[in-house]
């Protein structure tokens with residue numbers, strides 16, 4: 001069981017781990033040991049997450065979200081399989097905790113009277129500067 005908050009915990013059946021050989025440097029170890037971890041979380045079918053959280057999680061996950069509603073995290077940071085498993089689980093917890101926070105609603109406000117006046121003054125000043133540009137009169141000595 002993976003604890004997210006006091007009220008939310010993910011059951012073991014919702015998580016699937018598969019191991020493969022990691023890419024990148026590591027000498028002979030890379031060719032022999034399957035240290036890379038692919039953690040699959042069946043988010044869409046999860047009974048522990050509310051629908052609103054699932055929607056936010058889908059947006060946060062981006063390309064890591066599959067068509068069948070699973071979240072896939074691949075970790076090959078370290079040479080240790082156990083450490084990679086821990087990192088994958090930590091990242092999953094962080095992602096779900098980020099999805100738990102509901103964004104605050106934006107309250108539409110009107111510009112203040114002072115800001116309108118400042119804006120119009122700036123536009124007038126700019127227009128005056130531009131009006132001074134142009135051809136210079138030759139016969140106006």
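Surrounded by 17 or more Cβ atoms within 10 Å (Cβ to Cβ), under 17 Å from residue 100 (Cβ atoms) and in contact with a helix residue (DSSP H, G or I) (Cβ under 6 Å, 6 or more places away or on another chain) - does that describe any residue in segment 14-26?
Scanning segment 14-26, I find no residue that is surrounded by 17 or more Cβ atoms within 10 Å (Cβ to Cβ), under 17 Å from residue 100 (Cβ atoms) and in contact with a helix residue (DSSP H, G or I) (Cβ under 6 Å, 6 or more places away or on another chain), so the answer is no.
Report yes if residue 83 is modelled with pLDDT of 90 or more, surrounded by fewer than 15 Cβ atoms within 10 Å (Cβ to Cβ) and either out of contact with any helix residue (DSSP H, G or I) (no Cβ under 8 Å at 6 or more places or on another chain) or over 17 Å from residue 18 (Cβ atoms) (or both), otherwise no.
Yes.
Could you look through segment 56-79, keep only residues that are without any contact (Cβ under 8 Å) to a residue 24 or more places away in the chain and in contact with a helix residue (DSSP H, G or I) (Cβ under 7 Å, 6 or more places away or on another chain), and pick out the one that is surrounded by the most Cβ atoms within 10 Å (Cβ to Cβ)?
Per the stated criteria, the residue is 65.
Looking at 37, 53, 30, which is the one that is at pLDDT below 80 and buried (at least 16 other Cβ atoms within 10 Å of the Cβ)?
Of the residues listed, the single one that is at pLDDT below 80 and buried (at least 16 other Cβ atoms within 10 Å of the Cβ) is 30.
Looking only at residues that are assigned to a loop (DSSP other than H, G, I, E, B) and free of Cβ contacts under 8 Å to residues at least 12 places away in the same chain in segment 6-36, which one is farthest from residue 91 (Cα to Cα)?
The residue in question is 27.
With respect to residue 89, is the statement that it is within 19 Å of the chain's Cα centre (by Cα) and without any contact (Cβ under 8 Å) to a residue 12 or more places away in the chain true?
Here the answer is no, as residue 89 does not meet what is asked.
Determine which member of the set 39, 49 is in contact with a helix residue (DSSP H, G or I) (Cβ under 8 Å, 6 or more places away or on another chain) and part of a loop (DSSP other than H, G, I, E, B).
Within the list 39, 49, the selection yields 49.
Among the residues of segment 63-107, how many are assigned to a loop (DSSP other than H, G, I, E, B) and under 20 Å from residue 50 (Cα atoms)?
First pass over segment 63-107, keeping only residues assigned to a loop (DSSP other than H, G, I, E, B): 66-70, 76-80, 101-107.
Pick out the ones that are also under 20 Å from residue 50 (Cα atoms) and you get 66-70, 101-105.
Residues that pass the stated criteria total 10.
As an exercise: evaluate residue 133 against (1) surrounded by 13 or more Cβ atoms within 10 Å (Cβ to Cβ); (2) modelled with pLDDT of 90 or more and give the number of the one condition it does not meet.
Of (1) surrounded by 13 or more Cβ atoms within 10 Å (Cβ to Cβ); (2) modelled with pLDDT of 90 or more, only one is false for residue 133: (1).
Could you go through segment 105-124 and let me know if any residue there is in contact with a helix residue (DSSP H, G or I) (Cβ under 9 Å, 6 or more places away or on another chain) and within 20 Å of residue 7 (Cβ to Cβ).
For segment 105-124, residues in contact with a helix residue (DSSP H, G or I) (Cβ under 9 Å, 6 or more places away or on another chain) and within 20 Å of residue 7 (Cβ to Cβ): absent.
The values are calculated or read from the model by the stated rules, or taken from the named source; none is laboratory data. Just so you know, these numbers come straight off a predicted model, no measurement behind them. Ideal geometry is used to build each Cβ from the backbone, glycine not excepted, and the neighbour counts take in all protein chains shown.
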